[in-house]
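Notes follow once the structure below has been shown.
The values are calculated or read from the model by the stated rules, or taken from the named source; none is laboratory data. In this text the structure is predicted, and so the values were computed from the model without any measurement. Virtual Cβ from ideal backbone geometry, glycine too; neighbours counted across all protein chains shown.
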Amino acid sequence: MDYLVKKNIIKKSKIVIDIGQKFVKILSVHYEKGKISIHSSAKIDSAACFFEGELSDIKELVKKIDNALGRKKMNRSSEISLSIPSYMVSQKIVAIKNVKPKDLEKHIKKEYPTIGKATSLTHYIDWAYLGQREIGGETVQYCMLAAVSKAHLMPILSEFEKRKLKVTSVTFPTYNLVDLSDLYVNDYEHQNKMLIDFGMLQTRVVVECEGVAVYAREIDIGFNTFADSLFNSFPSIGIPEIVTMLTQMGLREENFLAGLHDKEAFFAVIDKLSGDLQNELIRIIQMCDEDGFSITKIICASEIIDGLFKRFSENGIEVEQYNFATNERTSGSTFTISAQDEAGELSVGFGGAVGIAVSTLH
């Protein structure tokens, strides 16, 4: 079994589970004749199951997931497509020039030693084909290579198995971004784009050129970076109030800042960290310019701090926050996707789960 990427065309119902450090997002999905139908959804709090950024209580997390499946009357016998937290996965996009398709796997396996300290004894290593470009008369093919530690993954799979929940494919947040981008395949005006997943500890970035993912990176700035910095500077406010403030930053309502004497200093912390993240993204954009293509659109696949990417909008780069509930992009390269009325409201944070649903179809 491929534990990181399982590509197969299916006509059945599956459950998609996206494990995040704050929430777990669950979708019940049906596939048939190129149609993806989301029948129901669930969102559960997972923060208590993590400690210092790592999953610490697997048993409780899977118990919560199992209970949610029951509450939502999802079919527990369905196969499960599972996305694990990004800290468990080492990944990179590799470019291979002038290689015949039949020889691609042989060349990809030569790249296995470049994934950190991963070996076949300690890790599951897998790869996925992303597409190709013609550059200077050469055919360049792009693949995503990924490895996950068996020590991380096996206890999770074991806990699912104890509850008779069958996990048949495993993916991860960066690859979910790549698959979500398939919903933008017909956006011919913006074939060069950046997809962003603003997570709790990191911001994951995928760059597409001519509709092909060519670069991926993780930046060590996430939601907790902002929350922790603000709490350290203003401990009298409290973490719950800071979280509320960040998630509704565009409102800047006075009741969130009651008793705060130096509001300028408060927002200076936010502006400093926002600037740090934006500078990292600008470096990536400049790298693309040096490689001969310009980013014209940024797609945010997750919830972000309001106003975080205003600087890019002001400089002519279109910024879009993916939201299934309001998004008009319901067709990909080989499929259409829809949500039934009983699926409930799929908020902004379900972008990764939708990406997994698309991945499972392929």
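What to note about this one:
- Residue 52 passes every criterion in (1) at pLDDT 95 or above; (2) surrounded by fewer than 22 Cβ atoms within 10 Å (Cβ to Cβ); (3) under 14 Å from residue 200 (Cβ atoms) apart from (1).
- Note on region 227-242: residues that are in a loop (DSSP other than H, G, I, E, B) and surrounded by fewer than 12 Cβ atoms within 10 Å (Cβ to Cβ) amount to 3.
- Condition check for residue 293: modelled with pLDDT of 90 or more and touching a strand residue (DSSP E or B) at 6+ places or on another chain (Cβ under 7 Å): yes
- Residue match in region 88-102 (condition: at pLDDT 95 or above, in contact with a strand residue (DSSP E or B) (Cβ under 7 Å, 6 or more places away or on another chain), small (Gly, Ala, Ser) and within 21 Å of residue 20 (Cα to Cα)): no
- Among the candidates 157, 195, 145, 201, residue that is hydrophobic (A, V, I, L, M, F, W, C) and in a helix (DSSP H, G or I): 157
- Being in contact with a Gly (Cβ under 8 Å, 6 or more places away or on another chain) and modelled with pLDDT of 75 or more holds for only one residue in 302, 359, and it is 302.
- Residues being over 20 Å from residue 149 (Cβ atoms), out of contact with any strand residue (DSSP E or B) (no Cβ under 6 Å at 6 or more places or on another chain) and at pLDDT 90 or above - total across region 1-21: 0
- Scan of region 21-67 for residues that are touching a Pro at 6+ places or on another chain (Cβ under 7 Å) and outside any strand (DSSP E or B), ordered by number: 21, 58
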